[in-house]
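Have a look at the structure below, then the notes.
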Amino acid sequence: MASRKLSSFWLLMGLIGIAGLIPAVVSAQTPPVEQGGGSFRVQCPTATIRHPGSTATGGTGTVVTPSPDTAEANYTGPQVRTATKSPDGHTFPSLTFTDNGGAIKCQEISGGDGMMTEADGNQTYMFSFGPLSGLGAIQNGQPGTTFPNVFNSPYTAGDSLGNYQNGQPNPLFNGTSATDPNAVGANSAISDPAGIMNTGVLNGNIPAPLIAFDEDDEFFLTLSNVGMIMRPDLFEQHTVPFHGYPNASSFYDGVPDATWAINIGGSVTYYYLAPDAGTYFWHCHVTPPEHIQMGMVGQLYVRPRHMQIHGFDPNFHFVGMTFNPEGFADMKDKYFLLNGRSYPDTVGVVAGTTVDGNTLPASWTGGVSGATNPNPSTNAISTTDTDSINRPSQPMPTLIVLNSHGGPNATGQRAALRIDDLDVTEYQTLSSVGIPMLMVGFNAKLLRDEAGNNLYIKTNSITLGGGESMDVILDSTGIAPGTYFLYTPQLDHLSNDAENFGGLMTEVVIY
Amino acid sequence: MNHLYSRNWWAVSRFLSVVVAAIALLFATSARAAAPGITVAAGGTFNLNAGAGYSSQPDGVAIYSWGYGCVSDSATYLPADFQGIGHCPTMQLPGPTLIVHEGTSFTVSLTNSLPTPAGNTSILFPGLTVTATSCGATPNGLLTCEAAPGATVTYTVSAPVGTAGTHAYYSGTQQDLQIEMGLFGAVIVLPSATPGNCTSSATVAAHRVDYRLAPAAYNHALTCYDREYLTQWSEIDSRIHAQAESQLKLIASCPTITAVQFSCPTKLNVVTEPYRANYFLINGRSMPDNMDANFAPNYPNQPYNANPHMHPGELVLLRVVGQGHLQHPFHEHGNHVRILARDGNLLLAQANNPTGSTLLAGRMEFNTDTTPGQAFDGIFLWSGKGLGWDIFGHTPGNAGNPICSSDANGYFTTASGASIPTYNSAGTMISGSSNYYEWCADHNVPLEANPIGSVGAGGPITLPDPLIIADGLWFNGTPYLGPDATLRSSGPTPMAPGKATQNPTPESGIAFMWHSHNEREITTNDVFPGGMLQMMLVDPYVWNIDETL
């Protein structure tokens, strides 16, 4: 906003702030919850009034989930329960809850910048979010959301030398591989300021880290603003709006005009009680035409597969890396992205990999062999940043593999596509050739009328505007084995800038 | 080359316009909206004029435009509270909102006062029926009866039963130019009968001013509402407007140039493609101008604002019309919108439901697309249900902590002992429950683990350190709704709670952005913020919402 015009004043403060932080990081990481050391801090309680686990909270009734910090409990119906004390010991008159179970989930992300690789090989500068927890899972295309016991454990992973992404040593390194999707030490939150800066700077992902939790969970999302090292003239705050949250509070809605935004060098934690299940998404709401175009877009589902449509205008991104005023009226996307990748990178997986539990059939001759990028163990595409260090930037291919007899009673497997669109300039259409689409949800709501009649739509194409989400089922029953395409019939969007063939397209392999 | 495309000029204008936008924000007052318009008795005549003028944009630019207006500045305004406030200039953007009743007819007399080189003009009323025109059986235009420069035509329009709702009207002549120049508006058709379950005007009036045009949008029990806002979404490609203006000047001056070597042009020949919108308007204004009052004197040709306010639990009717060239994904922060109808056609469920009553079939959407020439009605409601913490910051032991007992739906309403908030003529709340329509399951549930001020402890989270966050213009300084909680939970923040320019302490509402999610459209000629952006405030019941301010 207008604050940029005050940059000379703020910049001075910013430099002091960051200079103060970096020397303060010598101490070893002190897990969990809160510690000193600048303004970076994470929050992930192991018990709350709603999810006290085995902590005594007085009152009456049964707690549905006995260990909300480590596991889910099977849903057995609601329990009415009262509490007279919070887990941290504050007493109050009896509060009555309908306990539906659920657990506590936490995640940490960075707000900053980074580079990504377009399908024509061009490297594009982004304002972006990156993972600061669940790093191992995210590199493998999975959500980075964890239980508190994982989140609050020390981050003990590193590369083969025990270093953070930027080459600085992780003093807690104990041999854990940074790309391990399951190891606790590779998926815990990085909560000390040194680790946050050593990991968060330039680690932007497109799309931003995937978030997933279940209805009735309590979700704690910490955003640490690591600054944009390529744009030291900007002193940009960042926010996370939970796009579409029903009956939202303004406070955690992330619109900087309506509430607050986090400055560089600090962390804030957003709190959400999981709303109705559905496909939502998130993005930065600070100067949205700039920050969203520049890549601050993520996906979020309140429990299958998620696909995000986006577009990049390379001219805008080039201007965004420089120090010139940006034009909005002339913004025109030239790259069209599904999960941050254009065709053929959308199907850029290493040959022979397993996709969603299905082994790629030998008849599918796509993919890359002998590759180092995408990473042969995770399928994540990495980009060499301006500090010559390679960081994972686009962890999520959109190749879909379905067994046409692999479902219940030998029916075909079905894929649920959770599709959202955060293009800031145009409407986008995605069409399916050969496999019909069944649109079952729109904007995180099942398509039903008030009388309970289905309003599902059987179609071969869907159109979304920026800020919309849709749930679509692809059913492989009766579909002949082969390779099918999801692509945009907006034919000028089937391009990667000057390359005539590419863009908004991916493949569905049926075997 | 046009001076608009000089790079230096552009850079300077961008800087200046940021300053202008910032200053405008500082001085804007907390204004409200409603859906004001003009009306006539059944069978009466709207005397409209098509004329030229300028629209004011927040970057300081006055853009040459055409619009519908009134032949003389006298009309009957609705809601009735706007009678002493409203005015109707000879051209306005958008045109006057015409409010009529289902089952009646009305006449529109249109005088063409556009510059002569602009040629004929006309009006189309899609969704309504034009039963007669002054052209007789053979219209002189391709689509309808057209008024030649300086001439007047009439349209007799029927709004039969079944046409209630929101409709667009716009020019039927050379539309690529005339609609772009601003010749569009809206017709609101009020239902012929009101369902018995809706809150009557008399009941509302016993507690507060009723700003509704009717108790229901349709003659259907599920379309009652408490408050309503009309928004019309359009764009401007300023190059087209500049071309029209400069050609008109050339045409006017051409015969006076001596030794003319060529024949003077007499008609406009404006190139309208390729289309490149650079201004994005809601109700003819760009943000932040749309936050000033309806009929604010600084926008003589743009009388309508877009500044929705509501109380928790109120059913808010959104009347939305797509005008102009482009679709816009209108994103409502705060909650989903229940779509009621498209172009005045109520969307009803198939009848195979257990009660046999007709239920609604419109989708619940958090993004409601606006499409040129199309209108939709939707109902929005915000209650804070399911947040998991008390939005009012209620804390047992604090003086005045109210009760909350659940009605059948879980809310605190008259069915469970609440009394309806009532305001005196000065707008002060004199009786009623300040936590009317609270979601009782979250009553007294704390948010903060380490609270600031006098609100409950033991909650799940510690709020952000106020020293490391940047506060927004609409931020009341706390997570809570209402001055009571805001004052109780005040801490040493950089901006004292309640100092928000747009949301002062006595109001202490919570704000939600309602905007185009094609985010490049929330700019004004390349400057952010601007364009298609409204701020909706949920206000506490202690704050009276005066839609005329």
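The HN-Hα couplings worked out from phi for segment A:258-271 by the Karplus form 6.51 cos²θ - 1.76 cosθ + 1.60 (θ = phi - 60°) are 8, 8, 10, 9, 8, 6, 4, x, x, 10, 9, 10, 8, 10 Hz, whole numbers, x standing for Gly and Pro. Contact order, relative form, for segment B:259-410: 23 percent (alpha carbon pairs under 8 Å, 6 or more residues apart, mean separation divided by residue count). Taken per residue, the accessible surface of chain B reaches 34 Å², heavy atoms only and a 1.4 Å probe. Using bins of 10 Å that start at zero, the share of Cα-Cα pairs per bin across segment B:37-209 amounts to 10, 36, 33, 15, 6, 0, in whole %. Pairwise Cα separations in the protein assembly as shown fall into 10 Å bins from 0 onward with the following percentages, short to long: 2, 10, 19, 23, 21, 14, 7, 2, 0, 0. For B:ASP369, the residues 5 or more places off, or on other chains, whose built amide H falls under 5 Å of its own are B:PHE330.
Placing +1 on the Cβ of each Lys and Arg and -1 on the Cβ of each Asp and Glu in the protein assembly as shown, which of B:SER109, A:GLY114, A:PHE242 has its Cα farthest towards the positive end of the resulting dipole? Towards the positive end, the residue furthest out is B:SER109. A Förster radius of 22 Å, combined with the Cβ-Cβ distance separating A:ALA56 from A:VAL80, puts the computed FRET efficiency at roughly 0.75. Leaving out ligands, DNA and RNA, calculate the buried accessible area for the pair A and B with a 1.4 Å probe, summed over both sides, in Å² to the nearest 100. Its buried surface, counting both partners, is about 6700 Å². Axis of helix B:7-27 versus longest Cα principal axis of chain B: the two differ by about 50°, to the nearest ten degrees.
Look at where the Cα atoms of segment A:227-252 and of segment B:302-326 average out, and the two centres are 26 Å apart.
Here the 3J(HN,Hα) profile of segment B:219-234, calculated from phi with Karplus coefficients 6.51, -1.76 and 1.60 at θ = phi - 60°, is 7, 8, 4, 9, 10, 5, 8, 10, 7, 8, 9, 9, 10, 10, 10, 8 Hz, Gly and Pro shown as x. Residues of segment A:450-466 whose accessible area, computed with a 1.4 Å probe over protein heavy atoms, drops by at least 10 Å² once all protein chains are present relative to their chain alone are A:GLU450, A:ALA451, A:ASN453, A:LEU455, A:ILE457, A:GLY466.
If you take all other residues with their beta carbon under 10 Å from the beta carbon of B:ARG363, and give Lys and Arg +1 and Asp and Glu -1, the sum is +1.
Dipole size of segment B:37-209 about its Cα centre, with +1 on Lys/Arg Cβ and -1 on Asp/Glu Cβ: approximately 280 debye, rounded to the nearest 20.
Backbone amide hydrogens, once placed in the peptide plane, bring A:PHE442 within less than 5 Å of A:LEU447, A:ASP471, excluding anything fewer than 5 places away on its chain. Straight-line cross-link partners of B:LYS267 among the aspartates and glutamates, defined as a Cα under 17 Å from its Cα and at least 8 positions apart when in the same chain: B:GLU146, B:ASP176, B:GLU245.
In a reduced charge model with +1 at each Lys and Arg Cβ and -1 at each Asp and Glu Cβ, chain A shows a dipole moment near 720 debye about its Cα centre.
Absence of a disulfide-compatible partner, taken as no other cysteine beta carbon within less than 4.7 angstrom, is noted in chain A for A:CYS284. When the pairs A:LYS332/B:LYS249; A:LYS85/B:LYS385; A:LYS85/A:LYS105; A:LYS105/A:LYS334 are compared against a 30 Å limit on Cα-Cα distance, A:LYS332/B:LYS249; A:LYS105/A:LYS334 fall above it. Taking the Cα centre of chain B as origin and assigning +1 to Lys and Arg Cβ atoms and -1 to Asp and Glu Cβ atoms, the resulting dipole is close to 680 debye.
Expressed as a whole percent, the accessible surface of segment B:37-209 that belongs to carbon and sulfur atoms is 56, based on a 1.4 Å probe. Positive-end ranking of B:ASN518, B:GLY322, B:MET364 along the dipole of chain B, with charges on Cβ about the Cα centre, is headed by B:GLY322. Positive end of the dipole of the protein assembly as shown (Cβ unit charges, origin at the Cα centre): among B:GLY162, B:PRO479, A:GLY101, the Cα lying farthest that way belongs to B:GLY162. Using θ = phi - 60° in the Karplus curve 6.51 cos²θ - 1.76 cosθ + 1.60, the 3J(HN,Hα) couplings for segment A:107-121 round to 7, 10, 10, 9, x, x, 9, x, 10, 10, 10, 6, 5, 8, x Hz; x is entered for Gly and Pro. The overall shape of chain B is oblate: from the C-alpha gyration tensor, with semi-axes ordered a ≥ b ≥ c, the ratio a/c is 1.5 or greater and a/b is no larger than b/c.
The values are calculated or read from the model by the stated rules, or taken from the named source; none is laboratory data. Just so we're clear, the structure is a prediction, and the values are computed from it rather than from any experiment. All Cβ positions, glycine included, derive from the backbone under ideal geometry; neighbour counts span all protein chains shown. Please note that ligands, DNA and RNA were not included when accessible areas were found on the heavy atoms of the full protein model with its side chains. Shrake-Rupley method; radii C 1.70, N 1.55, O 1.52, S 1.80 Å.
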